[in-house]
1. Give me ASP62, ASP69 sorted ascending by neighbouring Cβ count inside 10 Å, so fewest comes first.
2. Which whole-Hz couplings ³J(HN,Hα) result when phi for each residue of segment 62-76 is put into the Karplus expression 6.51 cos²θ - 1.76 cosθ + 1.60, θ = phi - 60°, listed in order with x for Gly and Pro?
3. Assigning unit charges at the beta carbon (Lys, Arg +1; Asp, Glu -1) and nothing else, what dipole magnitude in debye, to the nearest 20, does the chain show about its Cα centre?
4. So how tilted is helix 2-16 from the main axis of the chain? Cα-based, degrees 0 to 90, rounded to 10.
5. State the label only: which of (1) 12.1, 40; (2) 14.0, 39; (3) 13.6, 41 corresponds to Rg and Dmax of the Cα atoms in Å computed from the shown model?
6. Run through the chain and list the chymotrypsin sites (Phe, Trp or Tyr not before Pro) located in a DSSP loop whose Cβ has at most 13 other Cβ atoms within 10 Å.
7. For the chain, with a Gaussian network of springs between Cα atoms less than 10 Å apart, report the residue from LEU61, LEU11, LEU28 with the top mean-square fluctuation.
8. For segment 14-80, which GluC sites (Glu not before Pro) are in a loop by DSSP, counting at most 12 other Cβ atoms within 10 Å?
Amino acid sequence: MGVEGMVRLVLGTAERYPGFTLRPINGLDTHHGVGRFSWLMTAPGPIVAAGVNYGRELPGLDFVEFTADNRIARIVGFFG
């Protein structure tokens, strides 16, 4: 995906959910090149993700894999 892909993902989310906010719930926990963090997305209107209406708040959990030089190799996210 690279930096450009991450930018497209963030900007696409902003277009899909105008007025949303995204904030971390906790810090990044890491172990052996893998990390995890929780977040909460809030929006002025309904948040529909993967066909499910979550109302105006959507919690999530992301797992991150890092390369040997600590760059992001992969992110896997879960809604709800």
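1. ASP69, ASP62
2. 10, 10, 10, 9, 10, 7, 4, 9, 6, 8, 6, 9, 6, 10, 10
3. The dipole of the chain has a size of about 140 debye.
4. 10 degrees
5. (3)
6. Listed in order of number, the matching sites amount to none.
7. The residue with the greatest mean-square fluctuation here is LEU11.
8. Those that pass, being in a loop and sparsely packed, number zero.
No lab work stands behind these numbers, since they all come straight from the coordinates. Not measured: the values here are computed from a predicted model. Positions of Cβ are backbone-derived with ideal geometry, glycine not excepted, and every protein chain shown enters the neighbour counts.
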